[in-house]
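In what follows, a structure is listed as structure tokens, so that the remarks can point back to it.
The values are calculated or read from the model by the stated rules, or taken from the named source; none is laboratory data. Values in this document were obtained by computation on a predicted structure and should not be read as measured data. Ideal geometry is used to build each Cβ from the backbone, glycine not excepted, and the neighbour counts take in all protein chains shown.
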Amino acid sequence: MGAVRAISTTDSLAPPAIRKRPGVLKRFSRNPFAVGAFSFLILVILAAIFAPILTPYDPNRIQMGQTLLTPSAEHWLGTDESGRDEFTRLLYGSRISLTIGVVAMLLSVTLGTTLGALAGFFGGIIDAITMRLTDAMLSIPIFFFLLTVLAVFGSAVPTIIIAIGLSSWMTAARVVRAEVLRTVNLDYVTAARALGAGNWRVVSVHLLPSAIPSMMVASTIGVGQAILTESALSYLGVGVQPPEASWGNMLSNAQNYFFPAPMLAIWPGMMILFTVLSFNFIGDSTRDTLSPYQN
């Protein structure tokens, strides 16, 4: 019979070693796709901000003698059907596309968070009305709704932002409502009420912070969806109107020149693809980073 290893009382009572959880930035950096996406977005944002420094050309100046030029030292990505520098148009187009995506997302998240928090906290008739309104909005074909709104009120950039923002708040409202319902009856919320905290303080300080991780994910994905929506609207001719450049109307203008100059469509298409993918990668990584079950 083999020897039996004696276990000392000290060993049996020793507490297990507690592994310290890495910080948020370190957990985020473990995902190479998220790091690459974040780097790409920073580069795009900086290029949009410093566009007047990076290119000497006017994005809207037409030069009919230089149409459809191939890439060269003078025009890095060539010129479009009107002789405008393609690289310059991409830079200035990123300003409009990113602005629409970010501001529309902020509008939708703000509205959705407010409605979701009110529905979850007060319940009753407020919850019923808010959720039925949410269901009604979700039953509407949003893209056709946007087409109708822009056809009636015009296609100015502020109108596009408001239209996209007011038609995409439903996901945020449902997420926030679910988080508020999950936490509204917890002990620390009950204690805050017993100590005299008002409704506004309870919601803003004790309930909404629990929804921040979910809202950060929804926000990053919402930016990508808003950019895609604007691009689709501009492609159909009801979004950002020429001569102002956006990635969507650059695609629309390039469709008639795809065979003689295919890169006119490929460049803005690639910018839309990589930008939306980058926001989605960051959203997925943010969810994993903020999850309490990830080490």
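When the range 233-279 is filtered for residues that are surrounded by fewer than 18 Cβ atoms within 10 Å (Cβ to Cβ), within 25 Å of Met216 (Cα to Cα) and touching a residue at least 60 places away in the same chain (Cβ under 8 Å), the ones remaining, listed by number, are Phe274, Leu277.
So which of Val189, Val240, Val223 ends up being of a type in the set (A, V, I, L, M) and over 22 Å from Ala48 (Cβ atoms)?
On the way: Val240 fails: over 22 Å from Ala48 (Cβ atoms); Val223 fails: over 22 Å from Ala48 (Cβ atoms).
Checking each option against the conditions leaves just Val189.
Select from the range 50-60 the residues that are more than 13 Å from Glu244 (Cβ to Cβ), touching a residue at least 12 places away in the same chain (Cβ under 8 Å) and out of contact with any strand residue (DSSP E or B) (no Cβ under 6 Å at 6 or more places or on another chain) and list them in ascending order.
At the first step, the residues of the range 50-60 found to be more than 13 Å from Glu244 (Cβ to Cβ) are 50-57.
Within this subset, residues satisfying the condition of being touching a residue at least 12 places away in the same chain (Cβ under 8 Å) are 51, 54-55, 57.
Hits for the range 50-60 are Ala51, Leu54, Thr55.
The condition of being modelled with pLDDT of 90 or more, under 20 Å from the mean Cα position of the chain (by Cα) and closer than 30 Å to Gly83 by Cα holds for only one of Ile266, Ile227, that being Ile227.
Test Arg177 against the stated conditions and say whether it is of a type in the set (D, E, K, R), out of contact with any Ser or Thr (no Cβ under 7 Å at 6 or more places or on another chain) and modelled with pLDDT of 90 or more. When the stated conditions are applied, Arg177 passes them.
Of the candidates Ala197, Ala211, the single residue that is surrounded by fewer than 22 Cβ atoms within 10 Å (Cβ to Cβ), at pLDDT below 90 and out of contact with any Phe, Trp or Tyr (no Cβ under 6 Å at 6 or more places or on another chain) is Ala197. The single condition among (1) over 21 Å from Ile282 (Cα atoms); (2) at pLDDT below 90; (3) in a helix (DSSP H, G or I) that Ile221 does not meet is (1).
Residues in the range 68-86 that are of a type in the set (Ser, Thr, Tyr) and part of a loop (DSSP other than H, G, I, E, B) were compared, and the one that is nearest to Ala245 (Cα to Cα) is Ser82.
Return a yes/no flag: does the range 238-248 have any residue that is in a helix (DSSP H, G or I), of a type in the set (Asp, Glu) and modelled with pLDDT of 85 or more. No, the range 238-248 contains no residue that is in a helix (DSSP H, G or I), of a type in the set (Asp, Glu) and modelled with pLDDT of 85 or more.
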